[in-house]
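The values are calculated or read from the model by the stated rules, or taken from the named source; none is laboratory data. This one's a predicted model, so the numbers in the text were calculated from it and none came from an experiment. Ideal geometry is used to build each Cβ from the backbone, glycine not excepted, and the neighbour counts take in all protein chains shown.
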Amino acid sequence: MKQEIINEKLESLASEKTALFSKRLSPASKYKILGVTIPNLRKLAKEIVKEGYQEYLKDARLDMFEDIMLYGFVINEAKLSLNDTFYYIDKLIPLMDDWAQTDCILFPKVMLKHPKETIEHYLDFQKDSNYLKQRIFGLAIIQLYARKKETVSQAITYLKGIPSKEYYSQMVVAWALADSAVANYSQVLQELKLKTFTPWIHNKAIQKIRESRRISQEQKDELNLLKIR
């Protein structure tokens, strides 16, 4: 799909109401926000992949907020090799300036099939001073390790190494612990009893775990007693 057609589609999907909402969520972004919803961006990404994505990935316009997110969604939809996936995501990451953009990296199936290689590729992000890179690393942990019982201990080990000073990097650690608790409750409970993480992450993780419908009421009551007050 040619860039001119994509631009027209983005303009037609944009609304002032959505733009205002997005600006409130991402006030610090340097990019112009058109106001296209996430579902519409994902739908457009599927259209681009269906019609041919190779030219788009090479020459896409990447100077608006939605451009960044659309590019991430296309990478996720396209059936790329692992190395090509790394290449295009690595091209996109330096352009990101907001947490919402990092969340468009959904870690395609090819990465899920190669968790060790994927983590090794992004391992430097774990302790990077850029909180967005820390968040990307945390998102990788969620999708590659936190949701499987047998790899929760690995997830927790990696999460301990994230400095977590910024809100959005702290939030992804709490989110990862919540997903880990669904997969392996006893392992996460042990870490919470040891107060391994900062008080903010500790309490936020408990909040997120207790919000899950896959956690029993008895477990929720047990977690409530572990809050750091």
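Against the definition (modelled with pLDDT of 95 or more and within 25 Å of K113 (Cα to Cα)), how does K30 come out, yes or no? When the stated conditions are applied, K30 does not pass them. Residues that are of a type in the set (G, A, S) and either surrounded by fewer than 18 Cβ atoms within 10 Å (Cβ to Cβ) or over 26 Å from L144 (Cα atoms) (or both) are absent from the stretch 69-77. Restricting attention to the stretch 35-66, the residues that are closer than 16 Å to L13 by Cα, more than 17 Å from the chain's Cα centre (by Cα) and assigned to a helix (DSSP H, G or I) total 7. For D98, the stated conditions do not hold, so it cannot be described as surrounded by 19 or more Cβ atoms within 10 Å (Cβ to Cβ) and more than 12 Å from the chain's Cα centre (by Cα). Filtering the stretch 189-211 to residues that are surrounded by 15 or more Cβ atoms within 10 Å (Cβ to Cβ) and farther than 12 Å from L177 by Cα leaves T198, W200.
Each row is one residue, and each column tells you yes or no for (1) crowded, with 18+ Cβ neighbours inside 10 Å; (2) more than 30 Å from S26 (Cβ to Cβ); (3) of a type in the set (A, V, I, L, M).
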position	(1), (2), (3)
S129	no, no, no
G138	yes, no, no
S169	yes, no, no
D179	yes, no, no
N184	yes, yes, no
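Residues of the stretch 76-91 that are assigned to a loop (DSSP other than H, G, I, E, B) and in contact with a helix residue (DSSP H, G or I) (Cβ under 6 Å, 6 or more places away or on another chain): A78 alone. Of the helices (runs of 4 or more DSSP H) lying entirely inside the stretch 92-167, those carrying at least 2 residues that are touching a Phe, Trp or Tyr at 6+ places or on another chain (Cβ under 8 Å) and of a type in the set (F, W, Y) are 131-141. Summed over the stretch 140-155, the residues that are of a type in the set (V, I, T) and surrounded by 23 or more Cβ atoms within 10 Å (Cβ to Cβ) give a count of 2. Sub-6 Å Cβ pairs linking a first residue in the stretch 105-130 that is modelled with pLDDT under 95 to a second residue that is assigned to a loop (DSSP other than H, G, I, E, B), at least 6 apart or interchain, number zero. For the stretch 169-186, check the following and say yes or no: at least one residue is within 22 Å of F137 (Cα to Cα) and modelled with pLDDT under 95. Scanning the stretch 169-186, I find at least one residue that is within 22 Å of F137 (Cα to Cα) and modelled with pLDDT under 95, so the answer is yes.
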